Amino acid sequence: MTGRERTSVQDAYRKRVDAMSVAERIGRAETLFNWSRDYIARSIVASRGPIPDDDLKWEVALRQYGSDPETRALIDDLRGRGSH
């Protein structure tokens with residue numbers, strides 16, 4: 001794809017997004033977020049095999065937010081509370 005074609009595609013994309021209502025943009029963002037969360041869950045199951053849904057939920061949270069030490073500590077704390 002040439003630079004000119006790329007710009008044309010980018011322009012068309014920008015026009016379509018700009019034409020969306022706020023509700024459509026939020027719905028689109030939610031769809032993309034759900035897709036990415038489901039993708040992470042599928043990759044965890046593919047690498048580890050089946051795990052209980054509750055454990056999978058926490059593993060997904062750690063993959064999404066665990067790079068921040070405070071958030072990781074919070075997730076680990078909440079995960080620990082749930083197992084009691």
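Bear in mind that the values in this text are calculations on the coordinates, not laboratory data. Bear in mind the structure is a predicted one, so any value in this text is a computation, not a measurement. Neighbour counts run over all protein chains shown; Cβ positions are idealised from the backbone, glycine included.
Counting Lys and Arg as +1 and Asp and Glu as -1, each charge on the Cβ, what is the dipole of the range 21-82 about the Cα centre in debye, to the nearest 20? Don't jump to the answer; show the numbers that get you there.
Working: 10 positive and 11 negative charges, 35 e Å.
Using Cβ point charges on Lys, Arg, Asp and Glu, the range 21-82 gives about 160 debye.
Quick one: angle between helix 3-18 and the longest Cα principal axis of the chain, in degrees between 0 and 90, rounded to 10, please.
Long axis of 3-18 versus the principal axis of the chain: about 70 degrees.
Under the definition of Cα pairs under 8 Å and six or more residues apart, what whole-number percent is the relative contact order of the chain?
Values: 22 pairs, mean separation 14.6, N = 84.
Averaging sequence separation for qualifying contacts and normalising by length gives 17 percent for the chain.
Using a cut-off of 12 Å between beta-carbons, work out the net charge of the residues near ARG25 (Lys and Arg +1, Asp and Glu -1, ARG25 not included).
Values: positive: ARG16, ARG28; negative: ASP18, GLU24, GLU30.
Net charge around ARG25: -1.
Where does helix 69-82 land angle-wise versus the long Cα axis of the chain, in degrees 0 to 90, nearest 10?
Result, in degrees: 50.
What would the Debye equation give as log₁₀ I(q)/I(0) for the chain at q = 0.19 Å⁻¹, counting only Cα atoms as equal point scatterers?
Results for the chain at q = 0.19 Å⁻¹ read -0.90.
Give me the net charge for the shell around ARG81: Cβ to Cβ below 14 angstrom, other residues only, Lys and Arg +1, Asp and Glu -1. Before the final figure, lay out each step's value.
Numbers: positive: LYS57, ARG79; negative: ASP54, ASP76, ASP77.
So the surrounding residues net to -1.
Could you work out how far helix 53-65 tilts from the main Cα principal axis of the chain, as a 0 to 90 degree angle to the nearest 10?
60
Would you compute, from DSSP H runs of 4+ residues alone, the mean residue ellipticity of the chain at 222 nm, taking -39500 (n - 2.57) per run and dividing by the full residue count, rounded to the nearest 500? Don't jump to the answer; show the numbers that get you there.
Details: 4 runs with 70 residues, N = 84.
So the helix-based figure for the chain works out to -28000 deg cm²/dmol.
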